[in-house]
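Read-outs throughout are calculated quantities, based only on the coordinates presented, and are distinct from any laboratory measurement. In this text, all values refer to a predicted model and were calculated from it rather than measured experimentally. For neighbour counting, all protein chains shown are included, and Cβ atoms are generated from backbone atoms with ideal geometry for every residue, glycine included.
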Amino acid sequence: MPHDHHHHHHIDASTGDRRVVWAIAVNMLLTVAQIVGGVLSGSLALIADAIHNFSDAVSLIIAFFARRIARRPMDDRMTFGYGRAEIVAAMINYTTLFVVAFYLIAEAVMRLLDPPPVQGWTVVILAGVALIIDAVTAALTYAMSKDSLNIRAAFVHNLADALGSVAVIVAGTLILLFDWRWVDPVITLMIAGYILWHAWSDVGPVVRILMLGSPPDLCRTRIGDAVRDIDGVVDIHHAHLWQMDERKNAYQAHVVIQEGAEGGAITAEIKTRLATDFDLTHVTLEIETAQTGCADRAACAP
């Protein structure tokens, strides 16, 4: 089964870094304004939006440094290179999303039991400013999020915050019109629920890479069948397929060949087949015969 190639328009590293720095700056300024406004107005929803906005800024800082680390070349300490720094950063960011969401749920439940007074105009104005900043941040990071799980995690932070700002505007408006103070914690619960849903939906690929899972678009069984179809190959075992990072995949296997077959030629043919049909270029093969192979082949997963 040929492997489909997906092409994106990549943004060069320096341009991407500048975009992230600008996004960090505007989010930090907004966080300060929202916290002050939330305290003065008594709005939990506005403070919730500020806390999540601060997590946006932190997630972007983590993403920025992870991008820089990931570009380092391999060395004696990290022989596979530093590409997984971005995956680790994405995991940290998704974890903080879960923590923030559960904190907001706890605070909202307490406010539902005893809704305090809220100054609607302050809430609406600051949430409107937040929405503008969120839109700017989304524009700065959207293109990069398509090619990086790390930036994707930061972008999800921002997307949730943008929708949170819309929800806060609605809450402030209803408080102004009808004095429905209970709307503030209810909106907070909705923001928290959206954060949890998005984080749970997107954390799977990050966990898969950290757990050395196989790429979702490749099938180990089909790869094994392709290797077995090559003349001179008797069988394979101890086969492993995993994602080194989000852009590079790796495959290793013990290959049993016929007695007298040319191991070098078979190895070259296998690597060519895997590169052509499955886009696998990081391949490690151990050539064996029935007499020289694993002592306990049954212990080696096929």
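Summed over qualifying helices (DSSP H, 4 residues or more, each -39500 (n - 2.57)) and divided by its residue number, the chain shows a 222 nm mean residue ellipticity of -22500 deg cm²/dmol.
For the range 19-108, averaging the sequence separation of C-alpha pairs within contact (under 8 Å, six or more residues apart) and dividing by the residue count gives a relative contact order of 25 percent.
Based on the alpha-carbon gyration tensor of the range 159-248, what equivalent-ellipsoid semi-axes (square roots of 5 times the eigenvalues) come out, in whole Å, largest first? Taking √(5λ) for each Cα gyration eigenvalue gives 53, 9, 9 Å. Helix 149-178 and the long axis of the chain differ in direction by around 20°, with both axes built from C-alpha atoms. For Ile287, the residues whose modelled amide H falls within less than 5 Å of its own, excluding neighbours fewer than 5 places apart on the same chain, are Val255. What label, among (1) 21.5; (2) 16.1; (3) 19.2, belongs to mean projected area of the Cα convex hull in nm² computed from the structure on display? For mean projected area of the Cα convex hull in nm², the calculated option is (3).
Highest mobility in the GNM of the chain, judged by mean-square fluctuation with C-alpha springs under 10 Å and restricted to Asp231, Asp76, Asp279, is found for Asp76. Mean sequence separation of contacting Cα pairs (under 8 Å, at least six apart), scaled by the length of the range 240-289, corresponds to a relative contact order of 46 percent. Derived value for the range 150-302: Kirkwood hydrodynamic radius 19.4 Å. Basis is the mean of 1/r over every pair of different alpha-carbon atoms. Normalised by 2.2 N^0.38 Å, where N is the number of residues, the C-alpha radius of gyration of the range 190-242 stands at 1.81. Over the Cα atoms of the range 249-289, compute the convex hull volume and normalise it per residue, giving Å³. Taking only Cα atoms, the range 249-289 has a hull volume of 55 Å³ per residue. When only Cα pairs under 8 Å and 6 or more residues apart are kept, what is the percent relative contact order across the chain? Dividing the mean separation by the residue count of the chain yields 19 percent. Summing +1 for each Lys or Arg and -1 for each Asp or Glu among the other residues whose beta-carbon sits under 13 angstrom from that of Glu262 gives -3.
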